[in-house]
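The values are calculated or read from the model by the stated rules, or taken from the named source; none is laboratory data. Keep in mind it's a predicted model, so treat the numbers as computed, not measured. FYI the Cβ positions are ideal-geometry reconstructions off the backbone, even for glycines, and counts take in every protein chain you see. Only protein heavy atoms, including side chains, enter the accessible area calculation; ligands, DNA and RNA are left aside. Shrake-Rupley method; radii C 1.70, N 1.55, O 1.52, S 1.80 Å.
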Amino acid sequence: MITSLEIKNYRAIKSCKIEGLSRVNVFIGRNNSGKSSLLEAIYLASAAFKFEERLHKKDGISDKISYLLNRRGFRGLTWDRDREVLWHMYKCEDPIEVEFVFCDGIKLKTKLFEWHEHPILEVPYRDFDHMCLIHYGAVNSKNKSMMKTSTDLVMRVLDEFVGGRGEKVRRFLSDMEFIDANLMREIEHVEKILWRDLLKYRLDKIIIRMLKSGYDVEAEDITYVPYGEIFQLVVKLPDAIVRVDDLGDGAKVSMMIIMVAALSKNTAVLIEEPENHQHPSGLAKTLEIFLEMVMENRVQAFITTHSLELIKLLNAIAREKNVDVAIFFMERDKAGNVNVRRLTPENVSVLDRMGIDPRFLDII
Ligand SMILES: Nc1ncnc2c1ncn2[C@@H]1O[C@H](COP(=O)(O)OP(=O)(O)O)[C@@H](O)[C@H]1O
Ligand SMILES: [Mg+2]
(Lines give C-alpha, C1' and ligand atoms only; values in the text may rest on other atoms or scores of the structure.)
(Ligands and ions follow the chains in the order given, each with its own letter.)
Protein backbone atom coordinates (compact mmCIF):
# COMPACT_ATOMS: atom_id res chain seq x y z
CA MET A 1 0.00 0.00 0.00
CA ILE A 2 1.09 3.55 -0.70
CA THR A 3 1.13 5.73 2.41
CA SER A 4 2.14 9.01 0.85
CA LEU A 5 2.82 10.49 -2.54
CA GLU A 6 4.13 13.61 -4.15
CA ILE A 7 3.47 14.93 -7.65
CA LYS A 8 5.24 17.66 -9.58
CA ASN A 9 4.56 19.35 -12.91
CA TYR A 10 1.65 17.25 -14.12
CA ARG A 11 -1.21 19.08 -15.88
CA ALA A 12 -3.14 21.14 -13.29
CA ILE A 13 -0.60 20.27 -10.60
CA LYS A 14 2.59 22.24 -10.07
CA SER A 15 3.09 20.46 -6.80
CA CYS A 16 0.99 18.27 -4.55
CA LYS A 17 1.89 16.24 -1.52
CA ILE A 18 -0.48 13.79 0.12
CA GLU A 19 0.24 12.05 3.39
CA GLY A 20 -1.74 9.62 5.50
CA LEU A 21 -3.13 7.55 2.65
CA SER A 22 -5.38 4.73 3.68
CA ARG A 23 -6.85 1.55 2.18
CA VAL A 24 -9.65 3.56 0.55
CA ASN A 25 -8.95 7.21 -0.32
CA VAL A 26 -11.58 9.66 -1.43
CA PHE A 27 -10.69 13.04 -2.95
CA ILE A 28 -13.10 15.93 -2.94
CA GLY A 29 -12.70 19.52 -4.04
CA ARG A 30 -14.09 22.07 -6.45
CA ASN A 31 -13.90 21.69 -10.19
CA ASN A 32 -10.33 22.37 -11.32
CA SER A 33 -8.83 21.53 -7.95
CA GLY A 34 -6.71 18.85 -9.62
CA LYS A 35 -8.59 15.65 -8.78
CA SER A 36 -8.43 14.17 -12.25
CA SER A 37 -4.83 15.30 -12.63
CA LEU A 38 -4.02 13.43 -9.43
CA LEU A 39 -5.47 10.13 -10.68
CA GLU A 40 -3.83 10.61 -14.06
CA ALA A 41 -0.44 11.27 -12.50
CA ILE A 42 -0.64 8.07 -10.44
CA TYR A 43 -1.59 6.19 -13.59
CA LEU A 44 1.26 7.82 -15.47
CA ALA A 45 3.71 6.54 -12.85
CA SER A 46 2.39 3.02 -13.41
CA ALA A 47 3.55 3.33 -17.03
CA ALA A 48 7.14 3.16 -15.80
CA PHE A 49 6.39 -0.46 -14.90
CA LYS A 50 3.89 -1.37 -17.59
CA PHE A 51 3.71 0.87 -20.59
CA GLU A 52 1.01 -0.88 -22.62
CA GLU A 53 -2.64 -0.12 -22.24
CA ARG A 54 -5.01 -2.92 -21.38
CA LEU A 55 -8.54 -1.74 -20.64
CA HIS A 56 -8.23 1.50 -22.61
CA LYS A 57 -6.54 -0.15 -25.56
CA LYS A 58 -8.64 0.76 -28.58
CA ASP A 59 -8.71 2.74 -31.83
CA GLY A 60 -5.05 3.60 -32.11
CA ILE A 61 -4.48 3.90 -28.34
CA SER A 62 -1.98 1.24 -27.39
CA ASP A 63 0.01 2.68 -24.49
CA LYS A 64 -0.72 4.66 -21.35
CA ILE A 65 0.96 7.84 -22.56
CA SER A 66 -1.14 7.98 -25.71
CA TYR A 67 -4.20 7.32 -23.57
CA LEU A 68 -3.33 10.14 -21.16
CA LEU A 69 -2.63 12.49 -24.06
CA ASN A 70 -6.07 11.79 -25.52
CA ARG A 71 -8.38 10.86 -22.68
CA ARG A 72 -9.82 14.34 -22.26
CA GLY A 73 -10.80 14.44 -25.94
CA PHE A 74 -9.81 11.94 -28.59
CA ARG A 75 -8.17 14.17 -31.18
CA GLY A 76 -5.24 12.04 -32.15
CA LEU A 77 -2.65 13.76 -29.97
CA THR A 78 0.77 12.17 -30.25
CA TRP A 79 3.87 12.17 -28.09
CA ASP A 80 6.02 13.46 -30.93
CA ARG A 81 3.88 16.49 -31.60
CA ASP A 82 1.85 17.20 -28.48
CA ARG A 83 3.74 15.91 -25.46
CA GLU A 84 3.80 19.30 -23.72
CA VAL A 85 0.08 19.12 -22.84
CA LEU A 86 1.00 16.72 -20.05
CA TRP A 87 3.27 19.24 -18.36
CA HIS A 88 2.04 21.91 -16.01
CA MET A 89 1.81 25.13 -18.02
CA TYR A 90 3.45 23.23 -20.90
CA LYS A 91 6.81 23.75 -19.26
CA CYS A 92 8.62 20.57 -20.13
CA GLU A 93 12.13 21.60 -19.12
CA ASP A 94 11.60 19.95 -15.76
CA PRO A 95 10.43 16.33 -15.59
CA ILE A 96 7.02 15.30 -14.35
CA GLU A 97 7.66 13.58 -11.05
CA VAL A 98 5.60 11.12 -9.06
CA GLU A 99 7.02 9.79 -5.84
CA PHE A 100 5.45 7.04 -3.76
CA VAL A 101 6.24 5.98 -0.23
CA PHE A 102 4.99 2.48 0.57
CA CYS A 103 3.87 1.22 3.97
CA ASP A 104 7.15 -0.61 4.53
CA GLY A 105 9.11 2.58 3.95
CA ILE A 106 10.12 1.86 0.35
CA LYS A 107 10.35 5.09 -1.59
CA LEU A 108 10.11 5.12 -5.38
CA LYS A 109 10.29 8.06 -7.71
CA THR A 110 9.28 8.02 -11.35
CA LYS A 111 10.07 10.80 -13.78
CA LEU A 112 8.84 11.65 -17.25
CA PHE A 113 11.35 13.64 -19.26
CA GLU A 114 10.45 15.36 -22.49
CA TRP A 115 13.24 13.48 -24.23
CA HIS A 116 11.99 10.01 -23.42
CA GLU A 117 8.52 8.66 -24.18
CA HIS A 118 8.31 6.42 -21.12
CA PRO A 119 8.28 7.47 -17.50
CA ILE A 120 11.36 6.07 -15.87
CA LEU A 121 12.28 4.98 -12.43
CA GLU A 122 14.92 6.83 -10.47
CA VAL A 123 16.87 4.74 -8.00
CA PRO A 124 20.05 5.18 -6.06
CA TYR A 125 22.48 2.56 -7.25
CA ARG A 126 25.78 1.43 -5.84
CA ASP A 127 28.34 1.43 -8.58
CA PHE A 128 31.93 0.58 -7.61
CA ASP A 129 31.23 1.80 -4.09
CA HIS A 130 29.72 5.07 -5.24
CA MET A 131 26.07 5.81 -4.77
CA CYS A 132 24.56 7.42 -7.84
CA LEU A 133 21.11 8.02 -9.26
CA ILE A 134 20.21 5.98 -12.27
CA HIS A 135 17.10 5.89 -14.40
CA TYR A 136 15.36 2.83 -15.70
CA GLY A 137 12.37 2.53 -17.98
CA ALA A 138 10.43 -0.70 -17.96
CA VAL A 139 9.29 -1.08 -21.49
CA ASN A 140 9.30 -0.10 -25.05
CA SER A 141 6.16 -1.63 -26.48
CA LYS A 142 7.41 -1.12 -30.02
CA ASN A 143 10.39 -3.35 -29.43
CA LYS A 144 9.58 -6.56 -27.61
CA SER A 145 13.13 -7.82 -27.14
CA MET A 146 14.25 -4.56 -25.61
CA MET A 147 11.18 -4.74 -23.41
CA LYS A 148 12.34 -8.03 -21.95
CA THR A 149 15.85 -6.80 -21.26
CA SER A 150 14.80 -3.55 -19.70
CA THR A 151 12.12 -5.24 -17.55
CA ASP A 152 14.80 -7.61 -16.28
CA LEU A 153 17.09 -4.68 -15.61
CA VAL A 154 14.42 -2.81 -13.70
CA MET A 155 13.78 -5.91 -11.64
CA ARG A 156 17.46 -6.37 -10.85
CA VAL A 157 17.86 -2.77 -9.84
CA LEU A 158 14.57 -2.74 -7.94
CA ASP A 159 15.47 -5.88 -6.03
CA GLU A 160 18.83 -4.47 -5.12
CA PHE A 161 17.17 -1.27 -4.05
CA VAL A 162 14.26 -2.64 -2.06
CA GLY A 163 15.80 -5.93 -0.95
CA GLY A 164 13.84 -8.73 -2.54
CA ARG A 165 10.51 -6.97 -2.53
CA GLY A 166 11.01 -5.59 -6.02
CA GLU A 167 8.59 -7.95 -7.69
CA LYS A 168 5.83 -7.08 -5.23
CA VAL A 169 6.31 -3.36 -5.75
CA ARG A 170 6.56 -3.75 -9.52
CA ARG A 171 3.30 -5.71 -9.64
CA PHE A 172 1.50 -3.27 -7.38
CA LEU A 173 2.36 -0.41 -9.70
CA SER A 174 2.06 -2.16 -13.03
CA ASP A 175 -1.31 -3.88 -12.41
CA MET A 176 -3.06 -0.64 -11.48
CA GLU A 177 -6.31 0.10 -13.36
CA PHE A 178 -7.92 3.45 -14.08
CA ILE A 179 -11.73 3.40 -14.19
CA ASP A 180 -12.67 6.76 -15.62
CA ALA A 181 -15.74 8.10 -17.38
CA ASN A 182 -14.42 6.89 -20.75
CA LEU A 183 -14.07 3.35 -19.51
CA MET A 184 -17.52 3.38 -17.97
CA ARG A 185 -18.96 3.82 -21.46
CA GLU A 186 -17.01 0.87 -22.84
CA ILE A 187 -18.59 -2.08 -21.11
CA GLU A 188 -18.64 -4.33 -24.21
CA HIS A 189 -14.95 -3.67 -24.71
CA VAL A 190 -13.96 -4.32 -21.10
CA GLU A 191 -16.23 -7.34 -20.76
CA LYS A 192 -14.40 -8.99 -23.69
CA ILE A 193 -11.09 -8.55 -21.89
CA LEU A 194 -12.20 -9.57 -18.41
CA TRP A 195 -15.10 -11.99 -18.67
CA ARG A 196 -13.07 -15.16 -19.26
CA ASP A 197 -11.05 -14.57 -16.09
CA LEU A 198 -14.16 -13.64 -14.15
CA LEU A 199 -15.80 -16.92 -15.19
CA LYS A 200 -12.69 -18.92 -14.49
CA TYR A 201 -12.95 -18.02 -10.82
CA ARG A 202 -16.79 -17.87 -10.90
CA LEU A 203 -16.67 -14.21 -9.98
CA ASP A 204 -19.70 -13.78 -12.23
CA LYS A 205 -21.70 -14.73 -9.13
CA ILE A 206 -20.68 -11.44 -7.54
CA ILE A 207 -22.03 -9.51 -10.53
CA ILE A 208 -25.32 -11.38 -10.28
CA ARG A 209 -25.56 -10.62 -6.56
CA MET A 210 -24.89 -6.96 -7.31
CA LEU A 211 -27.53 -6.78 -10.09
CA LYS A 212 -30.14 -8.44 -7.88
CA SER A 213 -29.57 -6.56 -4.66
CA GLY A 214 -28.60 -3.14 -6.00
CA TYR A 215 -30.50 -2.74 -9.23
CA ASP A 216 -33.67 -4.82 -8.98
CA VAL A 217 -32.63 -6.96 -11.91
CA GLU A 218 -33.89 -10.50 -11.35
CA ALA A 219 -30.67 -11.93 -12.73
CA GLU A 220 -30.31 -15.70 -12.60
CA ASP A 221 -27.21 -16.03 -14.67
CA ILE A 222 -25.01 -14.23 -17.19
CA THR A 223 -23.98 -15.88 -20.42
CA TYR A 224 -22.78 -15.22 -23.95
CA VAL A 225 -25.25 -15.72 -26.79
CA PRO A 226 -24.73 -15.30 -30.54
CA TYR A 227 -26.26 -12.24 -32.17
CA GLY A 228 -25.62 -12.81 -35.86
CA GLU A 229 -21.87 -12.79 -36.32
CA ILE A 230 -21.02 -11.56 -32.85
CA PHE A 231 -21.45 -12.83 -29.33
CA GLN A 232 -23.00 -10.72 -26.65
CA LEU A 233 -23.10 -10.95 -22.91
CA VAL A 234 -26.69 -11.26 -21.69
CA VAL A 235 -28.36 -11.49 -18.31
CA LYS A 236 -30.88 -14.32 -17.89
CA LEU A 237 -34.07 -13.15 -16.22
CA PRO A 238 -36.80 -15.60 -15.13
CA ASP A 239 -38.75 -15.19 -18.38
CA ALA A 240 -36.39 -13.49 -20.83
CA ILE A 241 -32.88 -12.30 -21.44
CA VAL A 242 -31.53 -8.77 -21.52
CA ARG A 243 -28.30 -7.73 -23.20
CA VAL A 244 -25.76 -6.28 -20.79
CA ASP A 245 -25.64 -3.27 -23.13
CA ASP A 246 -29.34 -2.72 -22.43
CA LEU A 247 -29.02 -2.68 -18.65
CA GLY A 248 -29.53 0.70 -16.99
CA ASP A 249 -26.52 3.03 -16.87
CA GLY A 250 -26.21 2.70 -13.10
CA ALA A 251 -26.01 -1.09 -13.30
CA LYS A 252 -23.42 -0.87 -16.06
CA VAL A 253 -21.19 1.51 -14.11
CA SER A 254 -21.45 -0.78 -11.11
CA MET A 255 -20.67 -3.82 -13.23
CA MET A 256 -17.55 -2.13 -14.53
CA ILE A 257 -16.31 -1.25 -11.05
CA ILE A 258 -17.01 -4.69 -9.61
CA MET A 259 -15.51 -6.53 -12.59
CA VAL A 260 -12.25 -4.62 -12.27
CA ALA A 261 -12.11 -4.81 -8.47
CA ALA A 262 -12.84 -8.54 -8.50
CA LEU A 263 -9.84 -9.21 -10.73
CA SER A 264 -7.39 -6.75 -9.15
CA LYS A 265 -5.01 -8.18 -6.57
CA ASN A 266 -2.34 -6.47 -4.47
CA THR A 267 -2.55 -3.32 -6.52
CA ALA A 268 -4.40 -0.01 -6.73
CA VAL A 269 -7.63 0.89 -8.47
CA LEU A 270 -8.26 4.49 -9.51
CA ILE A 271 -11.90 5.47 -9.90
CA GLU A 272 -13.18 8.76 -11.20
CA GLU A 273 -16.61 9.84 -9.94
CA PRO A 274 -18.25 6.43 -9.44
CA GLU A 275 -21.52 8.12 -8.47
CA ASN A 276 -22.42 8.86 -12.09
CA HIS A 277 -25.86 7.45 -12.98
CA GLN A 278 -26.27 5.94 -9.52
CA HIS A 279 -29.37 5.88 -7.39
CA PRO A 280 -28.28 5.83 -3.71
CA SER A 281 -29.52 2.26 -3.20
CA GLY A 282 -27.49 1.01 -6.16
CA LEU A 283 -24.49 3.04 -5.07
CA ALA A 284 -24.71 1.62 -1.54
CA LYS A 285 -24.72 -1.95 -2.83
CA THR A 286 -21.87 -1.25 -5.23
CA LEU A 287 -19.78 0.29 -2.46
CA GLU A 288 -20.54 -2.61 -0.16
CA ILE A 289 -19.40 -5.21 -2.68
CA PHE A 290 -16.50 -3.02 -3.75
CA LEU A 291 -15.23 -2.81 -0.15
CA GLU A 292 -15.49 -6.59 0.18
CA MET A 293 -13.33 -6.95 -2.94
CA VAL A 294 -10.89 -4.34 -1.68
CA MET A 295 -10.32 -6.28 1.53
CA GLU A 296 -10.27 -9.72 -0.04
CA ASN A 297 -7.91 -8.73 -2.85
CA ARG A 298 -5.80 -6.30 -0.84
CA VAL A 299 -6.54 -3.46 -3.21
CA GLN A 300 -5.89 0.20 -2.46
CA ALA A 301 -8.53 2.53 -3.86
CA PHE A 302 -8.21 6.14 -5.01
CA ILE A 303 -11.61 7.66 -5.71
CA THR A 304 -12.55 11.17 -6.78
CA THR A 305 -16.08 12.35 -6.20
CA HIS A 306 -18.51 15.25 -6.04
CA SER A 307 -21.03 13.18 -4.15
CA LEU A 308 -21.66 13.80 -0.47
CA GLU A 309 -23.94 10.78 -0.60
CA LEU A 310 -21.01 8.61 -1.61
CA ILE A 311 -18.88 9.88 1.27
CA LYS A 312 -21.57 9.23 3.84
CA LEU A 313 -22.43 5.78 2.47
CA LEU A 314 -18.78 4.84 2.21
CA ASN A 315 -18.04 5.94 5.78
CA ALA A 316 -21.01 3.99 7.11
CA ILE A 317 -20.28 0.80 5.16
CA ALA A 318 -16.55 1.03 5.89
CA ARG A 319 -17.22 1.26 9.62
CA GLU A 320 -19.39 -1.84 9.45
CA LYS A 321 -16.83 -3.76 7.41
CA ASN A 322 -13.82 -2.43 9.27
CA VAL A 323 -12.15 -0.83 6.26
CA ASP A 324 -9.91 2.22 6.67
CA VAL A 325 -11.20 5.16 4.69
CA ALA A 326 -9.61 8.58 4.36
CA ILE A 327 -11.31 11.64 2.90
CA PHE A 328 -9.04 14.30 1.40
CA PHE A 329 -10.06 17.84 0.60
CA MET A 330 -8.10 19.39 -2.27
CA GLU A 331 -7.56 23.07 -3.01
CA ARG A 332 -5.45 24.45 -5.82
CA ASP A 333 -3.97 27.94 -5.87
CA LYS A 334 -3.35 30.03 -8.97
CA ALA A 335 0.21 28.83 -9.26
CA GLY A 336 -0.98 25.22 -9.38
CA ASN A 337 0.13 24.23 -5.91
CA VAL A 338 -2.39 21.81 -4.51
CA ASN A 339 -3.04 21.77 -0.81
CA VAL A 340 -4.52 18.55 0.52
CA ARG A 341 -6.14 18.17 3.93
CA ARG A 342 -7.22 14.88 5.38
CA LEU A 343 -10.65 14.74 7.02
CA THR A 344 -11.40 11.85 9.32
CA PRO A 345 -14.84 10.17 9.17
CA GLU A 346 -15.48 11.94 12.48
CA ASN A 347 -14.63 15.30 10.87
CA VAL A 348 -17.10 14.55 8.12
CA SER A 349 -19.86 13.60 10.50
CA VAL A 350 -19.22 16.63 12.73
CA LEU A 351 -19.38 18.90 9.68
CA ASP A 352 -22.55 17.13 8.64
CA ARG A 353 -24.18 17.59 12.05
CA MET A 354 -23.24 21.28 11.87
CA GLY A 355 -24.99 21.44 8.52
CA ILE A 356 -21.77 22.08 6.67
CA ASP A 357 -21.15 20.31 3.42
CA PRO A 358 -17.45 19.32 3.43
CA ARG A 359 -17.28 19.99 -0.32
CA PHE A 360 -17.59 23.69 0.48
CA LEU A 361 -14.81 23.84 3.07
CA ASP A 362 -12.82 26.31 0.98
CA ILE A 363 -15.69 28.82 0.90
CA ILE A 364 -16.20 28.55 4.64
N1 LIG B 1 -1.03 21.42 -18.90
C2 LIG B 1 -1.70 22.16 -18.00
N3 LIG B 1 -1.09 23.15 -17.34
C4 LIG B 1 -1.74 23.90 -16.43
N5 LIG B 1 -3.02 23.74 -16.13
C6 LIG B 1 -3.70 22.76 -16.76
C7 LIG B 1 -3.08 21.91 -17.72
N8 LIG B 1 -3.99 21.04 -18.16
C9 LIG B 1 -5.12 21.31 -17.50
N10 LIG B 1 -4.95 22.35 -16.68
C11 LIG B 1 -5.94 22.97 -15.80
O12 LIG B 1 -6.37 21.96 -14.93
C13 LIG B 1 -7.69 22.20 -14.54
C14 LIG B 1 -8.43 20.89 -14.51
O15 LIG B 1 -7.80 20.06 -13.57
P16 LIG B 1 -8.42 18.68 -13.19
O17 LIG B 1 -7.33 17.88 -12.62
O18 LIG B 1 -9.20 18.13 -14.33
O19 LIG B 1 -9.42 19.11 -12.01
P20 LIG B 1 -10.71 18.41 -11.41
O21 LIG B 1 -10.72 16.99 -11.84
O22 LIG B 1 -10.54 18.60 -9.93
O23 LIG B 1 -11.87 19.19 -11.93
C24 LIG B 1 -8.25 23.18 -15.54
O25 LIG B 1 -8.46 24.39 -14.85
C26 LIG B 1 -7.17 23.38 -16.54
O27 LIG B 1 -7.06 24.72 -16.93
MG1 LIG C 1 -12.11 15.88 -12.87
Fill in the blank from the handout: Exception for Val101 within (1) within 16 Å of ligand 2 (Cβ to nearest atom); (2) among the aliphatic types (A, V, I, L, M); (3) closer than 30 Å to Ala318 by Cα falls at (1)
Handout entry: Test: residue in region 267-281 that is of a type in the set (D, E, K, R) and away from ligand 1 (no atom under 16 Å from the Cβ)
Key = no
Exercise for the section: All but one of (1) closer than 23 Å to Gln300 by Cα; (2) outside any loop (DSSP other than H, G, I, E, B) hold for Val85, so report the exception by its number. Expected result: (1)
Fill in the blank from the handout: The condition from (1) out of contact with any helix residue (DSSP H, G or I) (no Cβ under 7 Å at 6 or more places or on another chain); (2) farther than 22 Å from Val294 by Cβ that Ala316 misses is numbered (2)
Handout entry: Residue check, Arg54 within 16 Å of ligand 2 (Cβ to nearest atom) and open to solvent by 50 Å² or more (accessible area, probe 1.4 Å)
Key = no
Fill in the blank from the handout: Glu122 meets each of (1) at pLDDT 90 or above; (2) within 17 Å of Val169 (Cα to Cα); (3) open to solvent by 20 Å² or more (accessible area, probe 1.4 Å) with one exception, condition (1)
Exercise for the section: Please determine, by comparing only the residues of region 252-275 that are closer than 17 Å to Glu191 by Cα and of a type in the set (S, T, N, Q), which one is farthest from ligand 2 (Cβ to nearest atom). Expected result: Ser264
Exercise for the section: Out of the residues in region 300-314 that are crowded, with 19+ Cβ neighbours inside 10 Å and without any contact (Cβ under 8 Å) to a residue 60 or more places away in the chain, state the one that is nearest to ligand 1 (Cβ to nearest atom). Expected result: Ser307
Practice task
Say whether the condition of being within 24 Å of the chain's Cα centre (by Cα) and loosely packed, with under 14 Cβ neighbours inside 10 Å is met by at least one residue in region 206-214.
Solution key: no
Exercise for the section: Evaluate region 276-290: report whether one residue or more is within 16 Å of ligand 2 (Cβ to nearest atom), under 17 Å from the mean Cα position of the chain (by Cα) and open to solvent by 40 Å² or more (accessible area, probe 1.4 Å). Expected result: yes
Problem - All positions within region 102-116 that are touching a residue at least 60 places away in the same chain (Cβ under 8 Å) and open to solvent by 50 Å² or more (accessible area, probe 1.4 Å) - result: Cys103, Asp104
Fill in the blank from the handout: For helices (runs of 4 or more DSSP H) lying entirely in region 153-207, having 3 or more residues that are modelled with pLDDT under 90 picks out 166-174
Exercise for the section: May I ask you to list the residues in region 57-87 that are basic (Lys, Arg) and within 16 Å of ligand 2 (Cβ to nearest atom)? Expected result: Arg71, Arg72
Handout entry: Number of the exception - Thr305 against (1) closer than 22 Å to Ala251 by Cβ; (2) out of contact with any strand residue (DSSP E or B) (no Cβ under 9 Å at 6 or more places or on another chain); (3) β-branched (Val, Ile, Thr)
Key = (2)
Exercise for the section: Go through region 226-264 and give me each residue that's in a loop (DSSP other than H, G, I, E, B) and under 13 Å from the mean Cα position of the chain (by Cα). Expected result: Ser264
Exercise for the section: State which residue is farthest from ligand 1 (Cβ to nearest atom) when the search covers only region 287-298 and only residues that are under 16 Å from Arg319 (Cα atoms) and of a type outside the set (D, E, K, R). Expected result: Met295
Problem - Per-region count, region 5-29, residues surrounded by fewer than 23 Cβ atoms within 10 Å (Cβ to Cβ), within 10 Å of ligand 2 (Cβ to nearest atom) and under 22 Å from Asn315 (Cα atoms) - result: 1
